[in-house]
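Scroll down for the structure; my scribbles are underneath it.
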Amino acid sequence: AFYLVRQLTKVGFTPAEVGPVVLDMAESDDAFVCALRKRAYILVDQRSEIDAQVAALERFEEAAAASAPEERLYAVMTVELVASAERAVDTAAFELRAPDSARERAHSRLVGAARDLVAVIRGEVVGVSVDEAEACLTAGCAAEGTPCEQALLARAVARFLSEAENGVPVELAFGR
């Protein structure tokens, strides 16, 4: 029993969880296996989160190394907005089962829009009103392309805008 307790805590079970899991092993056929499977799912989710954090740190490091200190904020903002745009397109393409050609076009357009947001924040693009930006975004979604490409871009834009961490750059760019 002590050996099992040690092994269970080693794989992430808390002391409070260990007792019931050990009892389940002795009393029920599938409860123990279910508890192990549940812990495995939790660990896989944690690994995904940690992998995403490590990837972000690597992007930050690369952006910081390739830019002057006074440009690092914009460099980090750019790489994170581009990464968000890429995630949004990839997820939307998966959900819609979009062909690679549509995914590539949507990727190009949304990544370009992410870079444009940073340009506006930097003051490189001035005099763009919120109405003009929204009209441009709407036109971009409805622009040339097949209905599949338009649907993909619209869903990707919605995903991009729904990521909480994109709120500040979007608000800064639109002046709100």
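General observations
- Accessible surface of S162 - all protein chains present, 1.4 Å probe, nearest 10 Å²: 90 Å²
- Computed from phi, the 3J(HN,Hα) profile of region 54-69 under the Karplus parametrisation 6.51, -1.76, 1.60 (θ = phi - 60°) reads 5, 4, 5, 4, 5, 5, 4, 4, 4, 5, 5, 5, 9, 9, 6, x Hz, with x in place of Gly and Pro.
- Directionally averaged projected area (region 1-115, Cα convex hull): 11.5 nm².
- Residues of the chain: accessible area per residue with a 1.4 Å probe, Å²: 64 Å²
- Fraction of accessible area attributable to carbon and sulfur, region 25-132 (%, probe 1.4 Å): 55 percent
- A 1.4 Å probe, protein heavy atoms only, puts the accessible area of E49 near 120 Å².
- From the C-alpha gyration tensor of region 34-84, square roots of 5λ in Å: 34, 9, 6
- From phi via Karplus (6.51, -1.76, 1.60), per-residue ³J(HN,Hα) for region 81-96 in Hz, x at Gly/Pro: 5, 5, 4, 5, 4, 5, 4, 4, 5, 4, 5, 5, 5, 5, 4, 8
- Pair-distance distribution P(r) for region 9-70, from all Cα-Cα distances in 10 Å bins starting at 0: 19, 31, 18, 14, 11, 5, 1 percent.
- Within the full protein context, the accessible area of E165 is estimated at about 120 Å² for a probe radius of 1.4 Å.
- Geometric descriptor of region 54-128, per residue, is 96 Å³ (volume of the convex hull of the Cα atoms).
- Between F94 and Y41, the FRET efficiency from the beta-carbon distance, with R0 = 22 Å, is close to 0.60.
The values are calculated or read from the model by the stated rules, or taken from the named source; none is laboratory data. The structure presented is a predicted model; accordingly, all values stated were derived computationally and were not measured. Cβ coordinates were reconstructed from backbone atoms using ideal geometry, including for glycine residues, and neighbour counts include every protein chain displayed. Ligands, DNA and RNA are excluded from the accessible area calculation, which covers all protein heavy atoms including side chains. Shrake-Rupley method; radii C 1.70, N 1.55, O 1.52, S 1.80 Å.
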